[in-house]
Amino acid sequence: MSLKSKFIGALIGSAIGDALGAPLEGNSMEEVNFGGDWKMISGRYTDDTEMMIGVAESLIENRGFNGADMAVKFIQNYHARRGYGPGSKEALRRIRGGESWEDASGKLFGGKGSYGNGAAMRIAPVGIFYYDNADKLREIAYKSSHVTHSHELGKEGAALQAFSIALAVQGTEKEAMLHDLKEFVKNVIYKEKLRKIEALLAEEADKKAIVFELGNGQEAFNSVPTAIYSFLRFDSFKDAVVYAISLGGDTDTIGAMTGAISGAYYGEGAIPVEWVERLEEGKKGRSYIKWLGEELYRVKFFND
Ligand code: AR6
Ligand code: MG
């Protein structure tokens, strides 16, 4: 499968998971009770995709990372109705008010910074653009997180999600992926979650156990591991994303993360057409998101 199809698959996959999960956000696992075929209800994406678009635009325009510009992209693209987390909203408000992108995020949550999943949910462009350089990927994952999320756990969650996408682009065998992720990750909370993923895969655990052990919440450490698990457990884009959303909780974001890894692994062609066709179109809709994937590919390999 072509690398280009993987680049596009990661971005479209992320948006699809977001739009599929969005109408169910905040429902418990029991409430997300679905039967038969999974339908995309409105096709509208949320803040996850709006911010992912900003990350991609900034990487393309700057041929790499530029924090001040990335902050500007987030602010320009911002629509309150997309449902931003309170931390991200506050960081962007501060930057718009004149604080530097280096300083703003550190003021949140009593000076601890956010460990919400908002940095990891938008990281797909970093995962594909730096898929062949783990050190650079970590550096840019941390820096791009820092615009809104300065807590170590928020940054490490974004780096872990980005590296999962990178391994998926590389076509790493699923059996080898957990090993590589464990080697990569630095924080003990994530190390422990990866150990749990391994144990849960071995025992084909039920959904209750997954939610209990891995989480389905708005914190990066309660969502990134769940997305990795959902990807690893199934053999198709569709099954992985439907499963991730069926766990309830932060469905749009865990859907987006699972969709990004799965899209990078299986490629654009593996994403159900009926979902892609339902994804919103318009100025920054599905055609634009696909174009961003093509541009990231062009900038990376042809540098023009
Ligand atoms: N201390 C306590 N709670 C925290 C901390 C902290 N240091 N950091 C985060 N939280 P936020 P996001 C909790 O607000 O990550 C949207 O629906 C706190 O409850 O930075 O950008 C997206 O689609 C906080 O409100 O937002 C995502 O699903 C929450 O984590 C979701 O929101 C999220 O952190 C996350 O967006
Ligand atoms: Mg959202």
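The values are calculated or read from the model by the stated rules, or taken from the named source; none is laboratory data. Every value quoted in this text rests on a predicted model; they were computed, and no experiment measured them. Using ideal geometry, Cβ is built from the backbone for each residue, glycine included, and neighbour counts are taken over all protein chains shown.
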task: State which residue is nearest to the chain's Cα centre (by Cα) when the search covers only region 187-218 and only residues that are more than 16 Å from ligand 1 (Cβ to nearest atom) and touching a residue at least 60 places away in the same chain (Cβ under 8 Å).
output: K207
- line: The condition from (1) farther than 30 Å from A209 by Cβ; (2) crowded, with 19+ Cβ neighbours inside 10 Å; (3) of a type in the set (D, E) that D48 misses is numbered (1)
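Can you tell me which residues in region 64-99 are small (G, A, S) and either assigned to a helix (DSSP H, G or I) or out of contact with any Ser or Thr (no Cβ under 8 Å at 6 or more places or on another chain) (or both)? I'd like the intermediate steps shown before the answer.
Going through region 64-99, the residues small (G, A, S) turn out to be 64, 67-68, 71, 80, 83, 85, 87-88, 91, 97-98.
Within region 64-99, G64, G67, A68, A71, A80, G87, S88, A91, G97, G98 qualify.
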message: Can you confirm whether D239 is more than 13 Å from ligand 1 (Cβ to nearest atom), outside any helix (DSSP H, G or I) and of a type in the set (D, E)?
response: no
task: Say whether the condition of being assigned to a helix (DSSP H, G or I), over 13 Å from the mean Cα position of the chain (by Cα) and either among the hydroxyl-bearing types (S, T, Y) or crowded, with 19+ Cβ neighbours inside 10 Å (or both) is met by at least one residue in region 256-267.
output: yes
query: When you scan region 109-118, how many residues do you find that are surrounded by 24 or more Cβ atoms within 10 Å (Cβ to Cβ) and more than 7 Å from ligand 1 (Cβ to nearest atom)?
result: 0
- line: From the option list A10, A22, A56, single residue qualifying as in contact (Cβ under 8 Å) with a residue 12 or more places away in the chain and in contact with a Phe, Trp or Tyr (Cβ under 8 Å, 6 or more places away or on another chain) is A22
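Can you confirm whether region 43-51 contains a residue that is within 13 Å of ligand 1 (Cβ to nearest atom), in a helix (DSSP H, G or I), of a type in the set (S, T, N, Q) and under 20 Å from the mean Cα position of the chain (by Cα)?
Taking region 43-51 as the starting set, the residues that turn out to be within 13 Å of ligand 1 (Cβ to nearest atom) are 44-51.
If we keep only those that are in a helix (DSSP H, G or I) too, we end up with 47-51.
With the extra rule that they be of a type in the set (S, T, N, Q), the set shrinks to 49.
Applying the additional criterion that residues be under 20 Å from the mean Cα position of the chain (by Cα) yields 49.
Looking through region 43-51, at least one residue is within 13 Å of ligand 1 (Cβ to nearest atom), in a helix (DSSP H, G or I), of a type in the set (S, T, N, Q) and under 20 Å from the mean Cα position of the chain (by Cα).
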- request: Could you please find all residues in region 198-209 being of a type outside the set (A, V, I, L, M, F, W, C), in contact with a Lys or Arg (Cβ under 9 Å, 6 or more places away or on another chain) and outside any loop (DSSP other than H, G, I, E, B)?
  value: E198
task: Only residues that are among the β-branched types (V, I, T) and more than 16 Å from ligand 2 (Cβ to nearest atom): list them for region 248-271, please.
output: I261, I271
statement: Of (1) over 18 Å from A158 (Cβ atoms); (2) modelled with pLDDT of 95 or more; (3) of a type outside the set (S, T, N, Q), L11 fails just (1)
message: Given the criterion surrounded by fewer than 16 Cβ atoms within 10 Å (Cβ to Cβ), out of contact with any strand residue (DSSP E or B) (no Cβ under 7 Å at 6 or more places or on another chain), at pLDDT below 95 and not in a helix (DSSP H, G or I), identify the matching residue among E31, E102.
response: E31
message: Among the residues of region 210-220, are any farther than 17 Å from Y45 by Cβ, among the polar types (S, T, N, Q) and in a loop (DSSP other than H, G, I, E, B)?
response: yes
task: Considering (1) of a type outside the set (S, T, N, Q); (2) away from ligand 1 (no atom under 12 Å from the Cβ); (3) surrounded by fewer than 22 Cβ atoms within 10 Å (Cβ to Cβ), say which one E90 fails and leave the rest.
output: (2)
